[in-house]
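Novice: Structure incoming, see below.
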Amino acid sequence: MLKKITKVFSFFALLQMLIYSCCNDEYYVFYNSMSFNAIDTLDEDSTTVASENLVLDINFDYDYVLASHFKPLKQLSNCAYATTCDEDYSLRDIADNVTVTADVELFGIEAGNPINEYLYFINPYTLENENIEGLLSYLNTTNNYGPDPIKLVLREALPSEITLAFSLQLDLVDGDQLESTAETITIE
């Protein structure tokens, strides 16, 4: 009888190992770094830009960590499901606040203070202009961890002959911050 129980247990243990050997891994995604760039959509030279051609690009670099590094070892028989073989990526960092500033006075707002209300976020799925809260929602709910930049545009034209640099700060719920400053540009 003991031999039969040992054989049955061994059979199910081997079966579970076979199921896991064909499965892809689950990954947790964390923000690693961010770059913020002022882009001239008309040409490649971003040192001088017409206000209507200015786009602010946000690019993220992510860390992908195997979820198994965070999970305790489970019992063999409780987690052998054929549906667990899909590769899964889940964002573990939650964005709490986005702040965009300029190093000069803009729209009556002193240098270094947020100019969020003068920016639109272009939603890549709908191509609609949304406010910065839409950007937070997009960052916290999508599974888009690719190389495509997130675009911000100004609601109003900037004054001519002004030289400035934009900065972006992303606050995460866990207290971490990502910061980046675009290169200095001159508005034509």
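Novice: Would the range 121-182 count as rounded, prolate or oblate if I go by the C-alpha gyration tensor, calling it rounded below 1.5 in a/c and otherwise prolate when a/b exceeds b/c, oblate otherwise?
Specialist: oblate
Novice: Can you compute the FRET efficiency between Ser33 and Asn97 using 1/(1 + (r/R0)^6), with r the Cβ-Cβ distance and R0 = 22 Å? Round to the nearest 0.05.
Specialist: 0.80
Novice: Further question: Which residue, chosen from Gln169, Leu106, Leu135, occupies the Cα position most advanced towards the positive end of the dipole of the range 94-188, where the dipole is computed from +1 (Lys, Arg) and -1 (Asp, Glu) charges on Cβ about the Cα centre?
Specialist: Sorting the options by dipole projection puts first Leu135.
Novice: Something else: So, counting K/R as plus one and D/E as minus one, what does the shell of residues with Cβ under 11 Å around Leu136 add up to?
Specialist: Neighbourhood net charge equals -4.
Novice: Mind checking the full-extension length gain between Tyr64 and Ile109? Use 0.36 nm per residue of separation minus the Cα-Cα distance, one decimal, nm.
Specialist: 12.3 nm
Novice: Taking θ = phi - 60°, what integer Hz values does the Karplus form 6.51 cos²θ - 1.76 cosθ + 1.60 yield along the range 159-170, in sequence order, with x for Gly and Pro?
Specialist: With coefficients 6.51, -1.76 and 1.60, one gets x, 5, 6, 10, 10, 7, 9, 9, 10, 10, 10, 10 Hz.
Novice: Given a cut-off of under 8 Å on Cα pairs at least six residues apart, what relative contact order in percent is computed for the range 85-188?
Specialist: Details: 167 pairs, mean separation 32.9, N = 104.
Relative contact order here is 32 percent.
Novice: Let me ask something else about it. Each residue of the range 27-42 in turn: what ³J(HN,Hα) in whole Hz from Karplus with 6.51, -1.76, 1.60 and θ = phi - 60°, glycine and Pro shown as x?
Specialist: 10, 9, 10, 10, 5, 9, 8, 8, 10, 10, 10, 8, 10, 8, 6, 7
Read-outs: derived from the displayed coordinates by stated rules, not from any lab. As the structure is a prediction and not an experimental result, all values here were calculated from the model. Backbone-built Cβ (ideal geometry, glycine too); neighbour counts: all protein chains shown.
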